[in-house]
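Beneath this line is the structure, given in structure tokens, with notes to follow.
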Amino acid sequence: AARRRQAIMASGEQSHSDSLRARPLMDYHLCALLLDRNLTRFVSELPEHYVMDDKLPRHYREALAVYYNMQDTLALRTNEDTAMDSLFLEYRKLSLEHEADPQLQRKACTRAYPHSYWNYYFYRHLDN
């Protein structure tokens, strides 16, 4: 078994058990990027580790919706998540309806989308 592992490591391949152990570390890294609100790096690294489809974790999909809808990069998008994009556009519409009162804006968005990455992305920095 040790020789097999050494051969795999030398060839650059990963065994199935190695890839299972690597998944949580990669997810911690991707989540750290989200917590830092570093969407550019998150979007560039995500396709290296995940198939870009609607089976992505919810907060990853929410982060992609922010990134692609807040920039002029829709043409570069590698996946299309119309359901999440629609929800995000509803979120932004609600946010814009209360733009004149930032406290009411935050409360309305947090109440309507209580556990979304969007609230973290747009409002978490206000807590510090």
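With bins 10 Å wide beginning at 0, the percent of Cα pairs of segment 22-128 falling in each bin runs 13, 46, 32, 8, 0.
3J(HN,Hα) along segment 25-39, derived from phi through the Karplus expression 6.51 cos²θ - 1.76 cosθ + 1.60 where θ = phi - 60°, amounts to 5, 5, 5, 4, 4, 4, 5, 4, 4, 5, 5, 7, 6, 9, 5 Hz, with x in place of Gly and Pro. Computed in the context of the full set of protein chains, the accessible area of segment 81-128 at 1.4 Å probe radius has 54% of its extent on carbon or sulfur. A simple count of charges around ALA108, restricted to other residues whose Cβ falls under 13 Å of its Cβ and scoring Lys, Arg +1 and Asp, Glu -1, yields +1.
A cut-off under 14 angstrom between Cβ atoms defines the neighbours of GLU48, and their net charge, with Lys, Arg +1 and Asp, Glu -1, is 0. Taking Cβ atoms as reference points and 10 Å as the exclusive limit, the residues near ALA65 contribute a net charge of -1, counting Lys and Arg as +1 and Asp and Glu as -1. Applying D = kT/(6 pi eta Rh) to segment 80-128, where Rh is the Kirkwood radius over alpha-carbon pairs, T corresponds to 25 °C and eta to 0.890 mPa s, the Stokes-Einstein value obtained is 221 µm²/s.
The values are calculated or read from the model by the stated rules, or taken from the named source; none is laboratory data. Note that this is a predicted model, so its numbers are computed, not measured. As a convention, Cβ positions derive from the backbone with ideal geometry for all residues, glycine included, and neighbour counts pool all protein chains shown. Quick note on the areas: whole protein, heavy atoms, side chains included, nothing else; ligands and nucleic acids left out. Shrake-Rupley method; radii C 1.70, N 1.55, O 1.52, S 1.80 Å.
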